[in-house]
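A.B. asks: Following this message is one structure expressed as structure tokens.
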């Protein structure tokens, strides 16, 4: 689950989600929604490392998910997690899709976000 295609495949298999591209200026950003016009439960983005405060050149894929605030705070202290990019930082968190977070944890957090955003 350490890359964008794995995340999209999990969303399609588990929730029958079709990718949505809501931002005209950022066609690579992908919203994962409850149904065609439903609320987002996740957002996949390719963000320049410098905007995220991550060393190195180029961009990295991140997955934003919604979680309870206390879980967001706890996870931000762990490698592979950052304050949410482009979302409310109290309820959302960014997961860096670079193998720094175990696949089963990424799946579990997507599942939790899916339930919280129903």
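A.B. asks: Can you tell me which residues in the range 47-65 are closer than 15 Å to residue 81 by Cα and not in a helix (DSSP H, G or I)?
C.D. replies: Correct list: 47, 53, 54, 55, 60, 61, 62, 63, 64, 65.
A.B. asks: Now for a different question. Identify the single condition in (1) touching a helix residue (DSSP H, G or I) at 6+ places or on another chain (Cβ under 8 Å); (2) in contact (Cβ under 8 Å) with a residue 40 or more places away in the chain; (3) farther than 19 Å from residue 115 by Cα; (4) crowded, with 16+ Cβ neighbours inside 10 Å that residue 44 does not satisfy, given that it satisfies every other one.
C.D. replies: (3)
A.B. asks: Quick check on my filter: what residues within the range 77-104 are surrounded by 13 or more Cβ atoms within 10 Å (Cβ to Cβ), over 17 Å from residue 45 (Cα atoms) and modelled with pLDDT under 95?
C.D. replies: Result: 103, single match.
A.B. asks: Within the range 7-44, which residues are more than 12 Å from the chain's Cα centre (by Cα) and assigned to a helix (DSSP H, G or I)?
C.D. replies: 9, 10, 12, 13, 14, 15
A.B. asks: Among residues belonging to the range 9-22 that are out of contact with any strand residue (DSSP E or B) (no Cβ under 7 Å at 6 or more places or on another chain) and surrounded by 14 or more Cβ atoms within 10 Å (Cβ to Cβ), point out the one that is nearest to residue 47 (Cα to Cα). Spell out the reasoning first.
C.D. replies: If we filter the range 9-22 for residues that are out of contact with any strand residue (DSSP E or B) (no Cβ under 7 Å at 6 or more places or on another chain), which is where we start, we get 9-10, 12-16, 18.
From what is left, the residues that are surrounded by 14 or more Cβ atoms within 10 Å (Cβ to Cβ) are 10, 15.
Details: 10: 21, 15: 25 Å.
It comes out as 10.
A.B. asks: Related question: Considering 74, 31, 36, which residue is without any contact (Cβ under 8 Å) to a residue 24 or more places away in the chain and closer than 16 Å to residue 7 by Cβ?
C.D. replies: 31
The values are calculated or read from the model by the stated rules, or taken from the named source; none is laboratory data. Worth saying up front: this structure is predicted, and the values here are computed from it rather than measured. Cβ sites come from the backbone with ideal geometry, for glycine too, and all protein chains shown count toward neighbours.
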